[in-house]
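Read through the structure below, which is laid out as structure tokens, and then see the notes.
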Amino acid sequence: MDIFNEQVVKKAKKPKNLIIKILSVFLLITIPALCVILAPIVELTYLIYVGFFILLGGIYIVWYVFNVQKVDFEYSVVGDELNIAKVIALRKRKQICKVPIREVEIIEKTDDEISKMRFMKTFSAARDIDKKDENYYLVYNSVAYGRCLLIFTPNEQILRGMKPYLNKDIVLKLFYNRNVG
């Protein structure tokens with residue numbers, strides 16, 4: 001019987017997200033207002049109708065922009081495979097990667113050793129990529145890409161689900177803080 005562990009990680013809100021929201025609301029208000037203000041000046045009364053329809057379409061676009069910024073990552077360990085998916089606005093699910101746990105070479109809490117290595121593909125599924133203290137760096141071999149790097153924020157349950165399938169040197173270093181030469 002396969003073990004199943006799952007974790008949902010909400011992506012951290014950044015100042016960039018707030019700026020995008022403020023800018024979209026600002027444009028929603030100013031563009032239709034400009035159409036209404038310019039209508040008497042240019043003597044084209046249909047600009048008022050254009051402004052009204054821009055406002056209606058803009059409401060939908062602003063709603064869409066707000067929802068697309070709600071991003072979660074879902075980690076699941078099923079048997080000897082770690083699946084990472086990106087969930088956007090609780091509607092759209094996109095598979096990021098499948099990691100065969102037996103192919104994992106390194107799992108590190110710091111990127112000191114990792115920064116010296118080269119990778120064919122890097123997958124980022126961390127809560128906050130800037131917070132180095134809570135992220136794990138996982139190096140594995142993929143059939144499709146070769147050597148890959150996964151940056152993610154697992155909890156203890158996900159790590160324990162991976163434990164039976166990991167190399168014993170990785171288990172000793174990760175769980176028991178022993179450096180095996």
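The numbers here are math on the coordinates, done by the rules we state, and not lab data. All of these numbers come straight from a predicted model, not from anything done at the bench. Methodologically, a virtual Cβ is constructed for each residue, glycine included, from the backbone with ideal geometry; neighbour enumeration extends over all protein chains shown.
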Helix 15-42 vs. the chain, principal-axis angle (Cα, 0 to 90°, nearest 10): 10
Unit charges on C-beta of K, R, D, E only; dipole of the chain, Debye: 40
Table column - 3J(HN,Hα) (Hz), the stretch 119-128, Karplus curve with 6.51, -1.76, 1.60, x for Gly and Pro: 10, 6, 8, 10, 10, 10, 9, 8, 4, 9
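Kindly provide the helix-only [θ] at 222 nm of the chain, computed as the sum of -39,500 (n - 2.57) over DSSP H runs of four or more divided by all residues, to the nearest 500 deg cm²/dmol? Numbers along the way, then the final one.
On the way: 4 runs with 67 residues, N = 181.
Helix-only estimate at 222 nm: -12500 deg cm²/dmol.
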Among I106, I61, I151: highest mean-square fluctuation, GNM of the chain, C-alpha pairs under 10 Å: I61
